[in-house]
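Undergrad: If you scroll down you'll find the structure; I have some questions about it.
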Amino acid sequence: MRRGFATVITTNLMYSFATFLPLVILPLYVNRLGASLVVTGLVISFYYITTTIFSVVWGVLSDAFGKRKIFLSSSLIGCAIVLFITSIVEVPIIVVLLMALFGFIASAFRPAVLAIVGSLASTGERGKFFGFLTASTSLGYAIGSFSGGFVAQYISIQMSVVLAAILAGSGAIISLIFLRRVDSKVISVPLNPRQVFSILKRKFIPTNVSESYVKQGNLHVLFSVTFIRYISFWGIWTLFAVYLSTILGASDFWVGILIAINFVLAGAFFQPLAGKLCDIIGRKPMILVGLAGTSMVEIFYALSPNFLWIIPTQFLLAFTFSCLENGNNCYVTDVTPETQRAEAMGLLTTCIFGGGAVGGLLGGIIAQIVGMQVMFLLMSILPAVGFFVVLIKIKETLKR
């Protein structure tokens, strides 16, 4: 189990690098090609539209066919190909469309990897294992942010995208060679187009109205709160690199550093700590801290007089992001049947990326009308609302 988990962590690290770097660099790239703030926002929005639609589809198919390893490697190979193509495109709208394709392919990875970790870990160690997984995600984001900013500053933005493609391809090779059987108690059925259609039809066009696991444990409430929190988060982060560069005066290199600080701290310290805290104090308190902290971070961003003031705010973001992500992962896994775990993680991912799709577009429109700083302040209201919804509606699932 430990060897399989180490391979999953390594693969997830490379996937996180390859998917986050374009989300940081490409909005800045298309903006410099002459795109408006609305079109710049569409780079993120289109990526999250396709991710939103297909995350749960990939999760359902992963559960049904029991081929989670194949979902990991295939997603990484596809990501590498799309990134190589994106690196040679200089037309903003084509970049937007390629990011939509990128989201479709990349969305196969996350539900499968979360379900794999949920299956490998026992209930008592689930927070710890998810902590290590999310730590690798944050470190991948950090490396992608820092190296992307460095390469963009001293070579070119296109080469930073090529770097992401190389890492995605490397992750695919590692998963294919070293990842052994990772599924437990998963029903495996023959893989063919007719079976795929039949499974999706039964799932999304049900023939009965029996209550699903989504309503048990108020998962639908958690998913809704996650959705509005990520509208807020990605509404800001869609334009964050542009904000740092054009409003606060940061160079490309500093943009990469400032974004990386959050993920270095999360990956090296706060993600493992938050995972452990989920097993000690519970899932609900961690989710509440994550939502309250998100609102505070967004207010601090808007009030920062220059880019150096962003540094201490990134410490707070690293901790609150870690609390929210680990709390969500543990809560969803606690209340979900084993054979539907990838589907549930797909739904969680759909809410995260659905928020990105709406937030990216909404953030660009609001920023175009009232400016980026006012948009940041308006977006901070959403996670604050989510805090009170969770406080009232969600019950603790940790069994002591």
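The values are calculated or read from the model by the stated rules, or taken from the named source; none is laboratory data. The structure presented is a predicted model; accordingly, all values stated were derived computationally and were not measured. Heads up, the Cβs are rebuilt from the backbone with ideal geometry, glycines too, and the neighbour counts pull from every protein chain shown. Note: accessible area is taken over every heavy atom of the protein model, side chains too, but ligands, DNA and RNA are not part of it. Shrake-Rupley method; radii C 1.70, N 1.55, O 1.52, S 1.80 Å.
Undergrad: Among residues belonging to the stretch 52-75 that are crowded, with 24+ Cβ neighbours inside 10 Å and at pLDDT 80 or above, point out the one that is nearest to residue 114 (Cα to Cα).
TA: 72
Undergrad: Based on what the data block shows, is residue 83 more than 15 Å from residue 10 (Cα to Cα) and crowded, with 24+ Cβ neighbours inside 10 Å?
TA: Values: more than 15 Å from residue 10 (Cα to Cα): yes; crowded, with 24+ Cβ neighbours inside 10 Å: yes.
Yes.
Undergrad: Here's a follow-up. Looking only at residues in the stretch 29-48 that are open to solvent by 10 Å² or more (accessible area, probe 1.4 Å) and part of a helix (DSSP H, G or I), which one is nearest to residue 108 (Cα to Cα)? Spell out the reasoning first.
TA: Start the filter on the stretch 29-48 by keeping residues that are open to solvent by 10 Å² or more (accessible area, probe 1.4 Å), which leaves 29, 31-39, 42, 46.
Going one step further and asking which of them are part of a helix (DSSP H, G or I), we end up with 29, 31-32, 37-39, 42, 46.
Working: 29: 26, 31: 29, 32: 31, 37: 29, 38: 28, 39: 26, 42: 21, 46: 16 Å.
If we take residues in the stretch 29-48 being open to solvent by 10 Å² or more (accessible area, probe 1.4 Å) and part of a helix (DSSP H, G or I), then 46 is nearest to residue 108 (Cα to Cα).
Undergrad: Moving on. Could you grab me the full set of residues in the stretch 141-166 that are closer than 17 Å to residue 16 by Cβ and among the aromatic types (Phe, Trp, Tyr)?
TA: 141, 146
Undergrad: Yes or no: residue 88 among the hydrophobic types (A, V, I, L, M, F, W, C) and part of a loop (DSSP other than H, G, I, E, B)? So that I can check it myself, show each step before the final result.
TA: Details: among the hydrophobic types (A, V, I, L, M, F, W, C): yes; part of a loop (DSSP other than H, G, I, E, B): yes.
So residue 88 passes the test.
Undergrad: Do any helices (runs of 4 or more DSSP H) entirely within the stretch 334-400 hold 1 or more residues that are aromatic (Phe, Trp, Tyr), closer than 30 Å to residue 108 by Cα and open to solvent by 10 Å² or more (accessible area, probe 1.4 Å), and if so, which?
TA: Details: elements: 341-370, 372-379, 381-393.
Fully inside the stretch 334-400 and qualifying: 341-370, 381-393.
Undergrad: Among the residues of the stretch 301-326, write down those that are surrounded by fewer than 18 Cβ atoms within 10 Å (Cβ to Cβ) and part of a helix (DSSP H, G or I). Steps first, please.
TA: First, the residues of the stretch 301-326 that are surrounded by fewer than 18 Cβ atoms within 10 Å (Cβ to Cβ): 303, 305-306, 308-309, 311-312, 315-316.
Scanning the stretch 301-326 gives 303, 308, 309, 311, 312, 315, 316.
Undergrad: Within the group 377, 348, 398, which residue is modelled with pLDDT of 85 or more and of a type in the set (A, V, I, L, M)?
TA: From the options 377, 348, 398, the qualifying one is 377.
Undergrad: For the stretch 124-204, give me every one of the helices (runs of 4 or more DSSP H) that falls completely inside it and has 2 or more residues that are at pLDDT 75 or above and hydrophobic (A, V, I, L, M, F, W, C).
TA: Details: elements: 126-154, 157-178, 193-204.
Result: 126-154, 157-178.
Undergrad: While we're here: Can you tell me which residue is modelled with the lowest pLDDT among those in the stretch 86-123 that are open to solvent by 40 Å² or more (accessible area, probe 1.4 Å) and more than 20 Å from residue 76 (Cα to Cα)? Outline the logic, then answer.
TA: Taking the stretch 86-123 as the starting set, the residues that turn out to be open to solvent by 40 Å² or more (accessible area, probe 1.4 Å) are 88, 90-91, 93-94, 97, 101, 104, 122-123.
Checking which are more than 20 Å from residue 76 (Cα to Cα) leaves us with 90-91, 93-94, 122-123.
Numbers: 90: 84, 91: 87, 93: 88, 94: 89, 122: 63, 123: 60.
Filtering the stretch 86-123 for residues that are open to solvent by 40 Å² or more (accessible area, probe 1.4 Å) and more than 20 Å from residue 76 (Cα to Cα), the one modelled with the lowest pLDDT comes out as 123.
Undergrad: With the condition kept exactly as written, say whether any residue in the stretch 340-348 is of a type in the set (A, V, I, L, M, F, W, C), in contact (Cβ under 8 Å) with a residue 24 or more places away in the chain and closer than 25 Å to residue 261 by Cα. If you could, list the steps in order and put the result at the bottom.
TA: Narrowing the stretch 340-348 to residues of a type in the set (A, V, I, L, M, F, W, C): 342, 344-345, 347-348.
From what is left, the residues that are in contact (Cβ under 8 Å) with a residue 24 or more places away in the chain are 342, 344-345, 347-348.
Within this subset, residues satisfying the condition of being closer than 25 Å to residue 261 by Cα are none.
For the stretch 340-348, residues of a type in the set (A, V, I, L, M, F, W, C), in contact (Cβ under 8 Å) with a residue 24 or more places away in the chain and closer than 25 Å to residue 261 by Cα: absent.
Undergrad: Also, quick follow-up: How about the stretch 266-298: which of its residues are among the aliphatic types (A, V, I, L, M), under 20 Å from the mean Cα position of the chain (by Cα) and open to solvent by 20 Å² or more (accessible area, probe 1.4 Å)? Don't jump to the end; show me each part of the working.
TA: Of the residues in the stretch 266-298, the ones among the aliphatic types (A, V, I, L, M) are 266, 268, 273-274, 277, 280-281, 286-289, 291-292, 296-297.
Adding the requirement that they be under 20 Å from the mean Cα position of the chain (by Cα) leaves 266, 268, 273-274, 286-289, 291-292, 297.
Those that are among the aliphatic types (A, V, I, L, M), under 20 Å from the mean Cα position of the chain (by Cα) and open to solvent by 20 Å² or more (accessible area, probe 1.4 Å): 268, 273, 288, 289, 292.
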